[in-house]
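Everything on this sheet refers to the single structure shown next.
The values are calculated or read from the model by the stated rules, or taken from the named source; none is laboratory data. All of these numbers come straight from a predicted model, not from anything done at the bench. Cβ placement follows ideal geometry from the backbone for every residue including glycine, while neighbour counts extend to all protein chains displayed.
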Amino acid sequence: MLAASSVRQPLLLMLLSPLGIVGAQECSKAVSIYAMQKTGSTFLGRFSREIALHRKMCRTYQNNKEYVCQATLYVDCPRNDRHRKSVSLERGFSTQLPPSTPGRKCNSTLRGQLFKDANNWLRSTDVTVKYRYNKSLTWLLEADGFLRGPLRQLYSEFELNAVPFFPSYQNVIIVHTRHPVEMMVSSYYCIADKNVCPVRSKFLGSHVPKNDTIASVDQFVLAGLKRPGSTPYSIMNRNSAISEFMKGYGRSALASTAVPCGAATLVHSKYEMMVTNFSDWAALILAHMVAPKGQRKSLHTTLVKQYQGDFVPNGKHKHALVTGANIAKLKRSTVETLKENRQLQRLLDDLGYDWLGH
């Protein structure tokens, strides 16, 4: 296990579970992918689902509304040697505050229970869901493994001690990050210009979050870091929680759970490597999602050919795909002021970023 001080690697950090696992490569994989907004998570979702389809892995997606304590899980499984037809559970699991408690606010206890219930549903070995095969979810998922995500809520799962582990699987946790200041600047243009984020505009129109100001990108970042509830403030604090999760991973139960398939493996993936060195980034992700080396090589060639053109700026949502391009949009005086923010500097150090965006 790498020491916490080695977190400061420039491109992509892999924290590997202990060696000497008996039969780990024979276990199906349970891959959890976490990626916040403005990290290329939409592309990451497409890319990882393509791998899942090639590997005949089931895919699960969890739609969370944390402020009302509601979660809905969807499961899709392609046909395989175990079942000849695909399986789609559109709302296989859903939980929310009981209707008998109108106006009751979601709190950390209830949110933690939400995560626990959702994860236990995925781990269930009895027939709790009725579908054409009338088998348990474990029977459905374990044949070729499953993919969770990309999901947003790692910061919340970590704070509530609810990051899941799935016994009888080879667990892989992929945490995908981006330079926090780059995320803040990207968020500004998404909010300020409807042409940059047309999907957001479709659902929210010209809505500006209550504690944000869009007078200028510099004011958006500088003022936002001082205002709880603002977009920059949330980006910094959520990234801080994610950083703490990764730094403490080696001491966590996830890294030391003694089960036949071994402890979980943590992979730190970075947006910057994904958009500037896609071939190497794809190879490293595939190394943890696909066990047979020969199949990895063939799939890597296919995926690079299919997706390498995705990282070309289009003047809209993809307008800055060069490392540090968003930071360059800030005034020099703004960057100098940001450098004085100790919490932000500590976060950049822990995640392995500098003030040029690298």
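Summary of computed values
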item	result
Residue in the range 113-129 that is touching a Cys at 6+ places or on another chain (Cβ under 7 Å) and either surrounded by 15 or more Cβ atoms within 10 Å (Cβ to Cβ) or farther than 28 Å from Ile191 by Cβ (or both) present	yes
Residues satisfying the stated conditions in the range 257-271, i.e. out of contact with any strand residue (DSSP E or B) (no Cβ under 9 Å at 6 or more places or on another chain) and either part of a helix (DSSP H, G or I) or without any contact (Cβ under 8 Å) to a residue 40 or more places away in the chain (or both)	Ala258
Residues located in the range 308-343, provided they are surrounded by 14 or more Cβ atoms within 10 Å (Cβ to Cβ), modelled with pLDDT of 90 or more, assigned to a helix (DSSP H, G or I) and not hydrophobic (A, V, I, L, M, F, W, C)	Lys329, Thr334, Thr337
Selected residue (only one of Leu137, Leu89 is touching a residue at least 60 places away in the same chain (Cβ under 8 Å) and aliphatic (A, V, I, L, M))	Leu137
Breaking point among (1) outside the structural domain of Leu266 (by TED's automatic domain parsing); (2) at pLDDT below 85; (3) touching a Phe, Trp or Tyr at 6+ places or on another chain (Cβ under 7 Å), for Gln96	(3)
Residues located in the range 209-239, provided they are hydrophobic (A, V, I, L, M, F, W, C) and either closer than 20 Å to Arg178 by Cβ or outside the structural domain of Asn341 (by TED's automatic domain parsing) (or both)	Val217, Phe220, Val221, Leu222, Leu225, Ile235, Met236
Unmet requirement for Tyr133, which otherwise passes all of (1) of a type in the set (Phe, Trp, Tyr); (2) modelled with pLDDT of 90 or more; (3) in contact with a helix residue (DSSP H, G or I) (Cβ under 8 Å, 6 or more places away or on another chain)	(2)
Helices (runs of 4 or more DSSP H) completely within the range 116-194 that count 2 or more residues being outside the structural domain of Met246 (by TED's automatic domain parsing) and within 18 Å of Tyr34 (Cα to Cα)	none
Test: residue in the range 67-88 that is in a strand (DSSP E or B), at pLDDT below 85 and farther than 29 Å from Pro292 by Cβ	no
Odd one out for His179 among (1) without any contact (Cβ under 8 Å) to a residue 24 or more places away in the chain; (2) out of contact with any helix residue (DSSP H, G or I) (no Cβ under 6 Å at 6 or more places or on another chain)	(1)
Pairs where the first residue, in the range 277-296, is in contact (Cβ under 8 Å) with a residue 12 or more places away in the chain and the second is acidic (Asp, Glu), C-beta under 9 Å, 6+ apart	Phe278/Asp310; Ala291/Glu26
